[in-house]
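J.: Below is one structure. I have some questions about it.
The values are calculated or read from the model by the stated rules, or taken from the named source; none is laboratory data. Everything numeric here is computed off the predicted structure, so don't read it as measured data. All Cβ positions, even for glycine, are placed from backbone atoms using ideal geometry, and neighbour counts span all protein chains on display. The protein model used for the area step is the full one, side chains on, heavy atoms only, and it has no ligands, DNA or RNA in it. Shrake-Rupley method; radii C 1.70, N 1.55, O 1.52, S 1.80 Å.
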Amino acid sequence: QVQLVESGGGLVQAGGSLRLSCAASGTIFSISAMGWYRQAPGQQRELVATISSIGSTNYADSVKGRFTISRDNAKNTVDLQMNTLKPEDTAVYYCNADISTTWNRRSRSAYWGQGTQVTVSS
């Protein structure tokens, strides 16, 4: 099957930077959109950034100008460069990808990583 594995989370001071990485592996025919979401305690999971298969990006207003999403289609990876981090960025960050396992579009499904903790101290 398909697995997504995140890495790069940790503790950082306000104003600092972190780079999150996510690698997809398994039976993959193609990957359409990929993205990063986050969930803080007591809050709903929210979109942080997405990137299409051809590189079109979309960002939440709260991170626009500070975060950059990128992907490597050859390696099935997606990264999130996070700069000028704020305490309100503290959350568990989840990698997401829409993946087809065969040529059939009905095989496409959303996959999620296990999440990586990002903590920004004030």
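J.: Go through the stretch 1-21 residue by residue and tally those that are farther than 10 Å from Gly115 by Cα, open to solvent by less than 50 Å² (accessible area, probe 1.4 Å) and not in a loop (DSSP other than H, G, I, E, B).
T.: Residues in the stretch 1-21 being farther than 10 Å from Gly115 by Cα, open to solvent by less than 50 Å² (accessible area, probe 1.4 Å) and not in a loop (DSSP other than H, G, I, E, B): 6 in total.
J.: Quick check on my filter: what residues within the stretch 69-122 are touching a helix residue (DSSP H, G or I) at 6+ places or on another chain (Cβ under 9 Å), farther than 20 Å from Val12 by Cβ and among the small types (Gly, Ala, Ser)?
T.: Ser100
J.: Taking the stretch 103-122 only, how many residues are open to solvent by less than 60 Å² (accessible area, probe 1.4 Å) and over 21 Å from Ala60 (Cβ atoms)?
T.: Qualifying residue count, the stretch 103-122: 4.
J.: Just checking, which of Ser107, Ser121, Ser53, Ser70 is touching a residue at least 40 places away in the same chain (Cβ under 8 Å) and within 15 Å of Ala24 (Cβ to Cβ)?
T.: None of the others qualify; the one that does is Ser107.
J.: Only one of Gly65, Gly55 is more than 15 Å from Leu18 (Cβ to Cβ), open to solvent by less than 50 Å² (accessible area, probe 1.4 Å) and not in a strand (DSSP E or B). Can you tell me which?
T.: Gly55
J.: Could I ask something else about it? So which residues in the stretch 34-52 are open to solvent by less than 40 Å² (accessible area, probe 1.4 Å) and outside any loop (DSSP other than H, G, I, E, B), if there are any at all?
T.: Listed by number, the residues that qualify are Met34, Gly35, Trp36, Arg38, Val48, Ala49, Thr50, Ile51.
J.: If I go through the stretch 70-99 residue by residue, how many of them are open to solvent by 10 Å² or more (accessible area, probe 1.4 Å) and part of a strand (DSSP E or B)?
T.: 10
J.: Among the listed residues Asp72, Asp79, which satisfies the condition of being at pLDDT 95 or above, more than 15 Å from Trp112 (Cα to Cα) and charged (D, E, K, R)?
T.: Asp72
J.: Select from the stretch 77-93 the residues that are of a type in the set (Asp, Glu) and touching a residue at least 60 places away in the same chain (Cβ under 8 Å) and list them in ascending order.
T.: Within the stretch 77-93, Asp79 is the sole residue that qualifies.
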